[in-house]
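Here's the structure, in structure tokens; my notes come after.
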Amino acid sequence: MSRLMYASPAWRGFATATDLKRVDAFLRRCKRCGYCSSDLLDFEELLDESDDRLFCKILNNSTHTLHTLLPRQSIASQHYHLRRRNHDRQLPAQTSHLCNKNFITRAPYEDCY
């Protein structure tokens, strides 16, 4: 599992749905053969958890290497009573399809519905 999850926030945006289905099928075969525990989460859920953990680490640690790449803090919450988000950052502009696959651009949009 560690080899599959290594640097997953960096490559996840570039993986296609077919790629993710193939890895999930591989993990189901591993569960069936007894190589993994049967209560292992789906691959998508594992990737979501990995993304969330990294994003929280970046937000909460101002000395983290990626902290300087985060968008600046939003001032809208000071003027309006908006619903709570997991972060206090401005949502970055989505400029291109390739840029949207980047972790720093993709992560602030998680759970912003």
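What lysines does Lys21 reach when the alpha-carbon gap must be under 27 Å and sequence neighbours fewer than 8 apart in one chain are set aside?
Within the straight-line cut-off, Lys21 pairs with Lys31, Lys101.
Quick one: if you stick a label point 7 Å off each Cα along the C-beta vector at Val23 and Thr95, how many nm between them?
It is 2.7 nm.
We did not get these values from a lab; they are worked out from the coordinates using the rules stated. No experiment lies behind these values; they were computed from the predicted model shown. Reconstructed Cβ throughout: ideal geometry from the backbone, glycine too, with neighbour counts over all protein chains shown.
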